[in-house]
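Derivation of every value follows stated rules applied to the coordinates shown; laboratory data play no part. Everything numeric here is computed off the predicted structure, so don't read it as measured data. Cβ placement follows ideal geometry from the backbone for every residue including glycine, while neighbour counts extend to all protein chains displayed.
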């Protein structure tokens with residue numbers, strides 16, 4: 001088991017390596033991008049990556065303070081679902097009324113890689129491949145649909 005400091009350091013090392021690995025990968029628009037801290041350019045719409053003790057995940061989180069706006073954004077994404085699946089794959093879970101770890105209500109579209117750990121360096125290649133493919137797919141999709149959300 002790792003101390004809190006050791007766990008934090010190992011996670012930081014993982015994200016640094018992921019960022020270095022992704023640095024030469026250009027966005028769908030052909031621009032340099034910070035993949036670790038992906039900016040959608042739309043307030044309250046976030047692309048989140050997680051690498052934890054027993055899974056890795058990628059999600060789109062809709063966190064607008066107005067539940068009506070949040071629902072509208074989710075429905076817009078649902079209308080674009082076939083386009084999303086073409087770019088990012090079909091295995092994503094769509095949750096119109098999700099709740100995060102802090103009890104906040106949000107819309108979430110996510111995919112998870114189970115049975116991997118950021119604390120096992122042997123799992124890092126699998127986690128990085130999963131995150132890379134997922135984020136490139138999301139970026140490809142977002143490049144095409146972002147104007148509809150502006």
Using alpha-carbon pairs under 8 Å, 6+ residues apart, how would you state the relative contact order of the chain in percent? 27 percent
Helix 4-22 sits off the longest principal axis of the Cα atoms of the chain, rounded to the nearest 10 on a 0 to 90 degree scale, by 60 degrees
Using 0.36 nm per residue of separation minus the Cα-Cα distance, give me the extension gain between residue 69 and residue 122 in nm, one decimal. 14.9 nm
To the nearest 10 degrees, how steep is helix 124-149 against the longest Cα principal axis of the chain, on a 0 to 90 scale? 20 degrees
In the P(r) worked out for segment 58-138, what percent of Cα pairs fall beyond 18 Å? 49 percent
Least to most buried among 127, 42 (fewest other Cβ within 10 Å first): 42, 127
For the chain, calculated [θ]222 nm from helices alone, where every DSSP H run of n ≥ 4 adds -39500 (n - 2.57): -14500 deg cm²/dmol
Debye-sum result for segment 89-136 in log10 I(q)/I(0), which assumes one identical scatterer on each alpha carbon, at q = 0.18, 0.19, 0.24, 0.32 Å⁻¹: -0.72, -0.77, -0.93, -1.08
Rounded to the nearest Å, the spacing of the alpha-carbon centers of segment 30-59 and segment 97-150 is 6 Å
Kirkwood hydrodynamic radius of the chain from all distinct Cα pairs, in Å? 16.2 Å
Please find the FRET efficiency linking residue 100 to residue 2, where r is the Cβ-Cβ separation and R0 is fixed at 25 Å, and quote it to the nearest 0.05. 0.55
Can you compute the label reach from residue 29? Point 7 Å from Cα along the Cβ direction, backbone N cut-off under 14 Å, restricted to segment 111-150. 139-150
